[in-house]
Amino acid sequence: MSPEPNFQEQEDHQVAPKNEPGGWEELILAAGLSVRATNVLLKNFSSCDEFLSLNVISFGHLRNCGRKTIRELIEFRDGIVAQSGEASQPEPEVPNRPSSAEDVLKLPPSEENIPFLPIFSSRQLVDFAMNDLHPEFHGATRLQDFGFSVRTSKILQRLGLETIGEVMFSPSGELLSQKNFGRKSLKEVRSIIRSFALGGNVAQTGIGARESSETHPEIDYSSYARLVASFVQHCLKSRRNQAIVCNRLDFPDVMPTLEELGERFGLTRERVRQILKRGNALLRVKAHRELLAEFWELVTRLIREGGGIASTRDLAESLREECGWPGNPNPAALTELLAVAEEEKALVVSGDVVTAPCPCPACETPRELIATLDFEANESYHLFVVGDKLVRHCQSRCQAHSPRIFHRAFIEKMVNDCDGEYQLHGDLVFPKDRWLIRHGEGLKELIVHVLEKNGKPMHFSEIAAAIRKENIKHREISDHSVHSAICRYDSIEIIQRGTYGLKAWGAGGYRSVSTAIEELLDAYGLPMRRSEIINSLAGEFSKDNISAALHTWGNRFIKIGEGFYDRPERWRERSLTSLIELLPEALANLSRYLTTSNNCSYKLVLALVFIRGMDDRGAYSLPVLKDRFYNFYLGRHKKGEVVEADNVLMQRIGELSAAEIRSKAIKEPMKSFINSGFWNQRSSSFYLQESLVALLVDASFRSRLLITLLKGIDDYFAAISPQPPFCTLTDATVNVQTREQCRNMLDIPEEEPINPHGERTISISIKKKVRGKITL
């Protein structure tokens, strides 16, 4: 028989909560102090006695405590002292009343004698061992049964403490001296010890006297709401805290947020979070978890009977049927409660799925049975039909475990584990190919499936018609959309115009005009004239198609001048040096003379015009040569392109007369040509050296020389062209000389690198508050 409660002791204890962690905080919050004074009290003092024991002069040594805050603390201290004086009454003498802490701790745990433990009072007990502590303190309980935080557990282990009694006998000052053990950790330890010691029947039932009652009469199983309420009420003391925790374990529709709970109970969002964190830690204490041992066993059994896996929705319905509850608990709320049992390692909660130890998930028999389903006669099977067939099959053959029913979550997992051979769609199980053509959304998979099923190439309109006929999602898809999708996938290739097949078949052979031109240019290795490309591909494509491809696909082909075309990336990669090496020695010497030591483009342009228009004897009329030389720059001027550098005469083509520019501009390069020995002048004609003319009779040599001159001109104009926000020296590989010209032109520092294409990339970034700089 437990002793009757002493109501006089309860009345005398009205002031005691000031020394409890919760009572001390409530006392501070009720005093209406400033935020700074409140923080100073909460951070530096864990009880009212600790605060009163400090000298008033020492207030000035506290951090963030100024004159104004000191005055507040003194007034607050005086108020407590005055209140204690008014409340104190002469106590009647009680016979055999304990005279020391050692005598008090020999009594059963209560609100009056718990503060005498060293963990609360920071006093060492004299001639008092843990065996002298009253048995109802259960000091021999091991620490591993408690839900301490990770930090606190590590520190207690480091100190070599193994039982809760050893922690009770550890003075708080010694614990606070440990690294990483602050007042927050001390507060956590005191809270768990107080709750455990005052648990009374909880401690006795959960640890020492489980045999006295196989079920827990304190837990009300009449409904889920009463189950939660009775469990929480037994673990937590404060009614307000009980209500807050219950609101997170039992709610009708949507879990209330911290802010909503704060508004409901008149607390801040942070305070609610602290209460929930502390409450959940107390629920996970082993002695408290064992209060629901019968419930955990029931949940484990229901999950095992359904295959070892169940969704919280199915589990909620099974619990309602098993316990006779008036309604199903909210699955999300049930998930929160089941999280408490994870400490037992018997139940594992992952999202909305709960698993329990069971041999069914690892068994191959259910997967083998699915393979025997007749999907030829039935397009699909309902999950419940599959589950019923599995139950009857396993009950008649399995000796290890006979499930009563297979939960939906078990069947879903089993179907998903079949290496993609089957697919779930709602409540139906489909073979993968049947599901894909009926419900698949990805066009690539649908197109591949249609081609595989047909077994041979198909026109894209036929593929589109097959998809529209079978697939529910793409009943209105157009032929054009299917054709666009086909062109994006590497696993599908064109066989004939408009006809496609799988690349794995190896039935390719068709190529587009652009692809054919690219392959031709790659094989030839040099730019080609349009007429040469047309002649080479005449047997496969029409002249109009080839011309359209050369002009339309601007990103695949580039016109470099004089009727020559090349691939843009190849043209950028070419260099004058590599092109000159392809010429005979005499023409190579001529090219080196023309492409070096140039402070303007006159030599290059004059040579290009001459080589392009000279007759069979290597002669060119001087007046015609001057006109065509001038017209080259006039054409660039009309197109808005760079004509020449600022300090060169031709740059003034819009200011001076044509005759004046022609006479002055061509004078120096012609004199240089004559002095070089490669040309000579006779009367009004200009002649190329006969040995060079003989070489240029070969069309291939003439084309290579023209390409070399075009490359030199392209390099020159690219170097003097402004290219903000980056500088592109040339469309070809940049040599050292032109790279230095660009560096000087844009005033790029020596230490700042430029890439192989002469590009100086400008880095732009924006600032964002949280993520910092984001480079564009």
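A few points about this structure:
- The stretch 225-375: C-alpha gyration tensor shape, a/c 1.5 cut-off, then a/b vs b/c: prolate
- Note that the stretch 551-646 presents 48 Å² accessible area per residue, ligands and nucleic acids not counted, probe 1.4 Å.
- Volume per residue that the Cα convex hull of the stretch 618-675 spans, once the total is divided by residue count, Å³: 92 Å³
- Whole-angstrom gap from the stretch 131-159 to the stretch 282-311, using each part's C-alpha centre: 25 Å
- Carbon/sulfur fraction of accessible area - the stretch 617-714, other protein chains in place, 1.4 Å, %: 48 percent
- Restricting the trypsin sites (Lys or Arg not before Pro) of the stretch 599-692 to loop positions (DSSP other than H, G, I, E, B) with no more than 12 neighbouring Cβ atoms within 10 Å leaves R617.
- Cα gyration tensor shape of the stretch 575-722, rounded if a/c is under 1.5, else prolate or oblate by comparing a/b with b/c: oblate
- Separation of alpha-carbon centers, the stretch 519-545 and the stretch 563-609, rounded to whole Å: 23 Å
- Around V605: net Lys/Arg minus Asp/Glu count, Cβ-Cβ under 11 Å: +3
- Looking at the stretch 487-574, the GluC sites (Glu not before Pro) that sit in a DSSP loop and have at most 12 other Cβ atoms within 10 Å of their own Cβ are E540.
The values are calculated or read from the model by the stated rules, or taken from the named source; none is laboratory data. This one's a predicted model, so the numbers in the text were calculated from it and none came from an experiment. Glycine also receives a Cβ, built like all others from the backbone with ideal geometry; neighbour counts cover every protein chain displayed. These area figures cover heavy atoms from the full protein model, side chains too; ligands, DNA and RNA do not enter into them. Shrake-Rupley method; radii C 1.70, N 1.55, O 1.52, S 1.80 Å.
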